[in-house]
Amino acid sequence: MGFVLRLDVIQGGDPMIWEGKRAVSRELTQILEFVDKVLAGRHTIILMQPSKNRAMRTSMDFDSVNHALDVIKLSHNVSLYSSMYSAILNQ
């Protein structure tokens with residue numbers, strides 16, 4: 001919106017200047033609305049291979065980076081606790 005505000009600095013009483021400002025303002029507003037729609041549809045894809053076996057490759061799609069990180073942390077904690085539990089049982 002900074003671009004639109006800068007248009008107000010342009011002075012002039014000529015109708016051509018006013019129409020030019022309005023046209024540029026409309027175009028900038030349309031561009032910004034388009035960018036907002038594109039950014040709102042963003043998502044995060046995580047590619048994982050939990051073991052050396054290439055057949056274990058998988059991908060997951062998330063609505064946000066934070067959601068993806070939560071799932072990665074949970075997956076890591078489950079793996080860590082599973083390893084610790086196995087080590088305790090094998091003593």
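The values are calculated or read from the model by the stated rules, or taken from the named source; none is laboratory data. Nothing here was measured: the structure is a model prediction, and the numbers come from that model. Note that each Cβ is placed from the backbone with ideal geometry, even for glycine, and that neighbours are counted across all protein chains shown.
Remarks
- Only one of the listed residues (SER82, SER64, SER86) is of a type in the set (Gly, Ala, Ser), modelled with pLDDT of 75 or more and under 27 Å from the mean Cα position of the chain (by Cα). That residue is SER64.
- Residue pairs meeting the criteria (Cβ under 7 Å; at least 6 apart or on separate chains; first surrounded by 11 or more Cβ atoms within 10 Å (Cβ to Cβ), in the stretch 18-38; second in a helix (DSSP H, G or I) and hydrophobic (A, V, I, L, M, F, W, C)): LYS21/LEU7; VAL24/LEU7; SER25/VAL4; SER25/LEU7; LEU28/PHE3; LEU28/VAL4; THR29/VAL4
- Selection of the stretch 46-65 for residues being assigned to a helix (DSSP H, G or I) and surrounded by 10 or more Cβ atoms within 10 Å (Cβ to Cβ) yields MET56, VAL65.
- Pair list, Cβ under 7 Å, 6 or more apart: the stretch 62-91 residue of a type in the set (A, V, I, L, M, F, W, C), other residue modelled with pLDDT under 80 and surrounded by 10 or more Cβ atoms within 10 Å (Cβ to Cβ): PHE62/HIS43
- Filtered by the rule that a residue be basic (Lys, Arg) and part of a helix (DSSP H, G or I), the stretch 26-45 gives ARG26, LYS37.
- Hits in the stretch 1-50 (condition: within 23 Å of HIS67 (Cα to Cα) and modelled with pLDDT of 80 or more): THR44, ILE45, ILE46, LEU47, MET48, GLN49
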